[in-house]
Amino acid sequence: MSIAFPTPRPEVLAKRDTVIARLKQIVPGEGVITEEEERRAFETDALTAYRKVPMVVVLPETTEQVAEILAFCHQEGVPVVARGAGTSLAGGAIPQEDAVVLGVAKMNRVLDTNFADRTMRVQAGITNLAISGEVAHAGFFYAPDPSSQLACTIAGNVAMNSGGAHCLKYGVTANNILGLRLVTVEGEIVDIGGEALDSAGYDLIGLIVGSEGQLGVVTEVTVRILRAAEGARPVLFGFSEIAAAGRTVADIIGAGIIPVAIEYMDRQAIGICEAFAKAGYPLDVEAMLIIEVEGSDEEMDAMLARIVAIARNHGVTTIKESTSAMEAAAIWKGRKSAFGATGRVADYICMDGTIPTGRLPDVLEGIDRIVKGYGLRVANVFHAGDGNLHPLVMFNVNDPDEQIKAERAGEDILRLCVEVGGCLTGEHGVGIEKRDLMRDQFNDTDLLQQTRIKSAFDPGWILNPAKVFPLDAPRDPLPAPRAA
């Protein structure tokens with residue numbers, strides 16, 4: 001394995017029986033998982049190339065139980081890895097062998113729905129799609145829609161600041177969260193924000209969202225719910241050249257046009273997704289855009305007319321408008337199932353970086369050049385409208401050399417994103433996958449400022465260890481113990 005993990009600490013492993021006994025006091029019944037075969041269900045997340053069986057797993061049902069667990073682990077110096085559904089593609093939920101995995105899957109209730117203020121308070125273990133499902137009858141929805149929304153939890157969305165296909169218009173998780181209930185490493189329960197559109201004091205929500213479980217454990221979330229649009233219409237645009245599709249995206253955004261979504265697929269991804277979803281994708285093109293507009297029929301017609309004119313300026317060869325709800329659903333089924341469909345034909349690493357949209361044509365050519373240089377294939381499918389790339393670098397997982405080549409190709413792609421003015425992650429987080437690339441984006445001074453924030457919340461660095469920061473990242477020494 002090319003990604004290093006810390007050596008398990010013998011002094012922590014020696015406390016296993018004590019840890020288990022205390023956790024069973026806090027969470028009685030079947031909430032503590034100790035048998036090795038059962039713990040193996042938690043040994044990895046969606047970055048399946050890396051696995052570590054945790055020391056023990058605990059599944060609390062209340063914020064108060066989470067507080068007791070963290071207070072105990074903090075006192076004993078036992079690492080804690082918070083886990084939602086384990087859909088992290090960056091290894092953000094992979095445990096350590098001397099760690100307690102704290103899963104929030106049982107904390108999945110809706111606590112309050114306020115249509116007047118357009119808010120909803122939920123426990124952190126509820127799935128992304130279930131939030132929209134709870135309010136769909138009243139014509140509302142929750143905007144962020146990651147491809148894993150059927151399974152991923154709001155806890156994981158908060159940790160990684162997840163987006164989705166419709167984030168171009170509605171924003172990512174950080175733009176749709178109003179309040180959080182956070183349990184600190186010492187076991188203190190803290191409420192941040194609330195139902196108001198803005199809250200007094202520092203923007204701590206902006207700090208917590210995207211912090212990857214490094215600063216505390218989120219147990220409740222107040223989300224913004226929105227009224228669904230009058231209508232929505234996805235349209236397929238096919239291009240004979242990859243660069244033409246990239247220039248079309250750049251010109252749409254440059255013209256000040258903001259559709260609900262602009263999704264990109266190259267020929268490889270189109271073929272894979274069409275074979276799975278039978279969505280009617282054009283198979284004779286090099287690149288395809290799914291552009292969705294919404295509003296009244298008049299609004300959609302006007303916006304599409306402008307978009308079509310731009311696409312024609314760049315030689316679009318296929319324009320296919322959905323004419324029914326069934327066709328629209330099929331179009332999105334193909335896009336939403338892209339990762340799973342690709343898994344049917346090859347093993348792959350799904351990268352996640354962001355770039356300025358104006359550099360999209362150059363970067364797409366660069367990605368192709370990088371991957372071919374390693375003798376591999378790539379399927380590009382991503383959120384083109386906001387420059388959030390998701391190249392799927394395909395390889396044979398049973399060939400260790402190919403796995404190393406795939407990881408190196410992915411690293412080179414992310415370095416390219418940084419070089420053109422983008423960053424290492426858009427919505428998947430850093431986790432372990434990009435941890436050692438942080439130095440490509442940040443110098444030691446930058447990293448020290450970030451680790452100081454981590455240390456302020458978690459002085460012993462027991463929350464989600466070995467993630468985000470390089471293992472040798474600079475950090476201030478722990479303060480000396482106070483005299484009694």
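So here's what we get for this one:
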{"read-out": "Condition met for Ile349 (modelled with pLDDT of 90 or more, open to solvent by 10 Å² or more (accessible area, probe 1.4 Å), within 22 Å of Met160 (Cβ to Cβ) and of a type in the set (A, V, I, L, M))", "value": "yes"}
{"read-out": "Search result, residues across the stretch 163-185 that are in a loop (DSSP other than H, G, I, E, B), within 18 Å of Glu212 (Cα to Cα) and open to solvent by 10 Å² or more (accessible area, probe 1.4 Å)", "value": "Val172, Thr184"}
{"read-out": "Test: residue in the stretch 404-424 that is of a type in the set (A, V, I, L, M, F, W, C), touching a residue at least 60 places away in the same chain (Cβ under 8 Å), open to solvent by less than 60 Å² (accessible area, probe 1.4 Å) and closer than 20 Å to Val209 by Cβ", "value": "yes"}
{"read-out": "Selection within the stretch 15-36 - closer than 22 Å to Gly92 by Cα and assigned to a helix (DSSP H, G or I)", "value": "Glu36"}
{"read-out": "Matching strands (runs of 3 or more DSSP E) fully within the stretch 252-352 where at least 2 residues are in contact with a helix residue (DSSP H, G or I) (Cβ under 7 Å, 6 or more places away or on another chain) and not basic (Lys, Arg)", "value": "261-266, 287-294, 347-350"}
{"read-out": "Pair list, Cβ < 8 Å and 6+ apart or interchain, from the stretch 40-55 residues that are on the phi < 0 side of the Ramachandran plot to residues that are assigned to a helix (DSSP H, G or I) and open to solvent by less than 20 Å² (accessible area, probe 1.4 Å)", "value": "Met55/Val12; Met55/Val19"}
{"read-out": "Output for the stretch 126-146, where each listed residue is surrounded by fewer than 24 Cβ atoms within 10 Å (Cβ to Cβ) and in a loop (DSSP other than H, G, I, E, B)", "value": "Gly139, Ala143"}
{"read-out": "Counted residues, the stretch 26-57 - those being basic (Lys, Arg) and in contact with a strand residue (DSSP E or B) (Cβ under 7 Å, 6 or more places away or on another chain)", "value": "1"}
{"read-out": "Whichever residue in the stretch 99-121 is part of a loop (DSSP other than H, G, I, E, B) and within 24 Å of the chain's Cα centre (by Cα) and, among such residues, is surrounded by the fewest Cβ atoms within 10 Å (Cβ to Cβ)", "value": "Arg109"}
{"read-out": "Candidate set: the stretch 31-50, residues that are among the hydroxyl-bearing types (Ser, Thr, Tyr) and modelled with pLDDT of 95 or more; chosen: the one surrounded by the fewest Cβ atoms within 10 Å (Cβ to Cβ)", "value": "Thr34"}
{"read-out": "Count of the stretch 186-226 residues which are more than 13 Å from Thr119 (Cβ to Cβ) and assigned to a strand (DSSP E or B)", "value": "7"}
{"read-out": "Residue satisfying all of: in the stretch 51-81; among the aliphatic types (A, V, I, L, M) and in a helix (DSSP H, G or I); most open to solvent (accessible area, probe 1.4 Å) among these", "value": "Ala71"}
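The values are calculated or read from the model by the stated rules, or taken from the named source; none is laboratory data. Keep in mind that what you see is a predicted model, and the values were worked out from it rather than measured. With ideal geometry, Cβ positions are generated from the backbone for all residues, glycine too; neighbour counts draw on all protein chains shown. Areas reflect the complete protein model, heavy atoms only, side chains present, ligands, DNA and RNA absent. Shrake-Rupley method; radii C 1.70, N 1.55, O 1.52, S 1.80 Å.
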